[in-house]
Structure formats: structure tokens, C-alpha cells
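Here the structure comes first, spelled out in C-alpha cells, and everything after it is commentary.
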Amino acid sequence: MTKILAFTSPAKGHLYPVAPVLAELVSRGHDVTVLTMPDSEEALQQFGIAVRALPPALANDTLHDWATTSRIGALRATVRALVARIPDEIQALRAAIIAERPDALLIDVTATGAQILAAASGLPWAAWSPILLPIPSRDVPPFGPGLRPMAGRLGRARDGIVRWYLNRRWNETLPQLNHMREYYGLEPLANLVDYLRQAPLMLNFTAPPFDDVRTDWPASVQQIGPGLWAPDAEPPAWLDEIDRPLALVTCSTEFQDDGRLAQIAMDALADSSLYTVVTTGALDPASFTVPPNARVEQFIPHHLLLDRTTVVISHGNMGVTQKALAAGVPVCAVPFGRDQSEVARRVVSNAAGSWLPAKRLTVANLRVAIDAAARCRDGAATVAAGFAAAGGTLRGASLLEQHFAGHHHTPRVEAPVIHTSHPYPMNEAAPLITPEETNPMVEGTDGAAPNDESHDPAPGSDFERGR
């Protein structure tokens, strides 16, 4: 038996994909604890998965990327937000390691700080990604704008220029990331995206043909298909009263100011033969004007609706897009930021739906895009077949078992105290914490560090300015 401690970002879209893999590991006799959102106990404990709550500083944090309409600007805001979490993630994981004394760690790809501590801990570790991985490859365009592949000399020139431009933007936060890596004895990175190559094993919850085939990616990246699990729920009673096919419209569960999509979709379909169901996620359902052939709910598990759905209209979130395509339902994607243009590009590259830029979002344009997407069921079915062939939950659990069984670790965990508001300066000696200690240097159950002013960074340090 292996005792595994998993760490997730504070989002259901990051917890739910990996949950069935964790449940499968429990069914095989392993002990699994997940450090995640505080309200996850009921959903996970039915599988024998223990839950530790992220501290409030992480659990209540958002990506702060919704205020910009620029694709690259939104991605830059996301990267800055993730790097700013590093000290809190290190402190939270350190406290959990001391309390749980795991044999192995499994870390969310977006938990940058947790991955730094995992790599420095001496414990076997792996990562997982519920999102598309922006690891560079000669086989695809640079990640971010949603560019379609372009062959020949012109394509190589375009990709080279775009890659140079994007690297300058991504690397804005590289000094802060390397500051912490070097403090923990890890090599500095030349580019921020190299961080994605660090995990000894990376489970990526997608698969071709939806995602592009790369011939030069590291062997550590294993694509196993999407994570499709959601907590059990009963179908709503009103669903039986609807006698026509559905159009499912979804907003982000993390605030992204995408309510305009839901309202325009209802208006665009008000005279159609479809019944529109909207899930508002982080938005208030009462803020919408609802036509007679529509219904607005804050949340309904999407799997309860997909077998009756003709088309899904969404902001291009990876979770709902892959769930729809896995069910053979085409998607109309209207990206609002983050990696959503990349998701939308893969939808249209597979003829599995349509892509409408948010700047062109009008009632007339969206109606045309919805009609175009609804004609793409064959492409959606092809993607669904690729997902089914990727191995899914069973393959993911087996890969983790094999990886952890093949690695041994020393019983000492190097886990220096770190303030939640500041990092250690790089020249400070790090105290060692051993699993045998009965009074580890952590006060309280939330992982707060004791006040030790001798470890405060120098005023105006690079990391302070980065925050």
C-alpha cells in the first residue's frame, strides 16, 4: 500500500477530473488524502478519499483574469496569479506532509508552489493536468492565441516570431519562480514553460485527436483522456416536462464575467425549436432575462442533460467542452480568456463545432455559430472515440502505481518554515523537518507558520516586488 497525498488548485474543474483516478487507487488498497477545497468532503469521502481543507488564503483565491479582453493579457494575468500563490501553497503542503507523512505526492499542474516543494521533498511525486499543456513542440503553433498549424517556411517564420513574443510575456514572472526554486535547491529555469517538464510523470486529461499529436514531447507526459466524473445528483423534476431537444449554455464556475454569453444565447435561441438550459456557475441566476423556452439554474451536473442536448454553447472551458464531445455533442465555443482560444481551436480543427470570438458576440452571429456547430456531430463522435481509446481512469491509476512503486525515498522531508506573505531569502539556511518530530514548526491546523522575524526577506526583494 502507498500513502498518497494529492494537492489541487481551488477549483472543481481541477479536482473532479482526478477524483475517479484517486478513487480507483483507493479501491486497489492505497491510502489517499487530497488537500483541496473545504466543501469537498461529502463528494469524496464516499470513495474512501480523505480530505484536508486548503487554507482560506488559497481556497478563496481567484485568478483575477476576467478584467481584460485580450487573449494574451488574460493568460498573463493567470500566470501572475498562479505565481503569487507559491508561498501559501508551500506552507499548506508542508503542513500536510508533516501531518499525513505520505509515501508519495500527486500535484495539480497549476499548483506551482506545491510542485516546488514536492520536487525538493525527497518524496516520489507526479503531477496531473486537466488543461491543455503549453509545452512547446515543433509540431504545433505556440500556445496561447489559438493559432491553427501552418506548414512550410511561412508557418515556421510565423511560429518563431509568435514564440519569441510570448516567451517575453510568460517570463515576466520567471524571477519570482526561480527565486523559490533556488531557495529549495532546485535548478533555475531558462523559460517559464520549462516548469511543465519538471514532473517525473504528468497525467494529462485529454487525448488525440482532440489535442494535437506531438512527436517531441517528453515521455513523462501521458495523455489518458478526459476526467468526466461529477458528484451524483438526481435529474431535476422539471426536465421531464420538456418535450424537445436542449441547447446547454454554461458559464464559468470561477468568475470570468461571461454572463453576456448566456443572455445572448437565450436571446438568439428564443424562437428556435430548442429548449435552452443555462448553468450560471459563478453568476447570479436572477441577473438574467429568461425567455419562455429557457431555464436558468446556478448549477446542474451536465451529464444529466447531455443525452438530450443538441449543442453546447460555452466559453470554451476544457471541462464542459470535453464532457460534451465525449458524449458526441458538438460545441459552440466563445472564448473569454485563459486557455479557451486553444480549446476552441481544437474544436474547429476536429470539425466538432464552431468558434465565435467574444468580440463578435451578437445575437445574429451567435445564432449562425450555433447552427454551424449543431451540424458537427460526426466530428464530435470522432473525438469521443479518441477519448474512449486513451485508457482513462484505469490507465491513470496504473501509471501512478507503477511510477510510485519504482521510486524510493528517504524518510526525511526537507520543509522549511515559510511565511504566507513572504518567501525566504535565498541565502537563508533552511531548517529541516523530519517525520519523527512530535512538535513540527507549524502552529494550528491551517498550516500558519510561527512568527520568526529572522527569516523575513530583505525589503524590496525581487519576490516582494513580484507580488
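The values are calculated or read from the model by the stated rules, or taken from the named source; none is laboratory data. This one's a predicted model, so the numbers in the text were calculated from it and none came from an experiment. Every residue, glycine among them, receives a Cβ derived from its backbone with ideal geometry; neighbour counts consider all protein chains shown. Areas reflect the complete protein model, heavy atoms only, side chains present, ligands, DNA and RNA absent. Shrake-Rupley method; radii C 1.70, N 1.55, O 1.52, S 1.80 Å.
Restricting attention to the range 273-310 and to residues that are closer than 21 Å to residue 226 by Cα and aliphatic (A, V, I, L, M), the residue that is surrounded by the fewest Cβ atoms within 10 Å (Cβ to Cβ) turns out to be 304. Of the residues examined, residue 219 is not one that is in a loop (DSSP other than H, G, I, E, B), open to solvent by less than 30 Å² (accessible area, probe 1.4 Å) and within 30 Å of residue 24 (Cα to Cα).
Residues checked against (1) open to solvent by 20 Å² or more (accessible area, probe 1.4 Å); (2) closer than 18 Å to residue 222 by Cα; (3) without any contact (Cβ under 8 Å) to a residue 40 or more places away in the chain:
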site: 94; (1), (2), (3): no, no, no
site: 120; (1), (2), (3): no, no, no
site: 128; (1), (2), (3): no, yes, no
site: 133; (1), (2), (3): no, yes, no
site: 140; (1), (2), (3): no, yes, no
site: 155; (1), (2), (3): no, no, yes
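Report yes if residue 282 is aliphatic (A, V, I, L, M) and farther than 27 Å from residue 381 by Cβ, otherwise no. Yes; evaluated as a whole, the condition is true for this residue.
Okay, residues lined up against (1) of a type in the set (D, E, K, R); (2) over 25 Å from residue 225 (Cβ atoms); (3) part of a helix (DSSP H, G or I); (4) touching a Pro at 6+ places or on another chain (Cβ under 6 Å):
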{"position": "113", "(1), (2), (3), (4)": "no, yes, yes, no"}
{"position": "127", "(1), (2), (3), (4)": "no, no, no, no"}
{"position": "131", "(1), (2), (3), (4)": "no, no, no, no"}
{"position": "156", "(1), (2), (3), (4)": "yes, yes, yes, no"}
{"position": "174", "(1), (2), (3), (4)": "no, yes, yes, no"}
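Scanning the range 197-212 for residues that are buried (at least 17 other Cβ atoms within 10 Å of the Cβ) and over 22 Å from residue 349 (Cβ atoms) yields a count of 5. Residues that are surrounded by fewer than 21 Cβ atoms within 10 Å (Cβ to Cβ) and among the hydrophobic types (A, V, I, L, M, F, W, C) within the range 7-49 comprise 11, 23, 26, 43, 47, listed in sequence order.
For first residues located in the range 29-55 and within 20 Å of residue 1 (Cα to Cα), partners that are of a type in the set (Phe, Trp, Tyr) and surrounded by fewer than 22 Cβ atoms within 10 Å (Cβ to Cβ) and lie 6+ apart or on another chain with Cβ distances below 9 Å form the pairs 32/47. Select from the range 347-359 the residues that are within 17 Å of residue 313 (Cβ to Cβ) and modelled with pLDDT of 95 or more and list them in ascending order. Within the range 347-359, 347, 348, 352, 353, 354, 355, 356 qualify.
Where helices (runs of 4 or more DSSP H) fall entirely within the range 311-383, those with at least 1 residues that are crowded, with 24+ Cβ neighbours inside 10 Å and hydroxyl-bearing (Ser, Thr, Tyr) are at 318-326, 340-349.
When 160, 185 are checked against the criterion of being surrounded by fewer than 13 Cβ atoms within 10 Å (Cβ to Cβ) and either aromatic (Phe, Trp, Tyr) or more than 20 Å from residue 138 (Cβ to Cβ) (or both), a single residue qualifies: 185.
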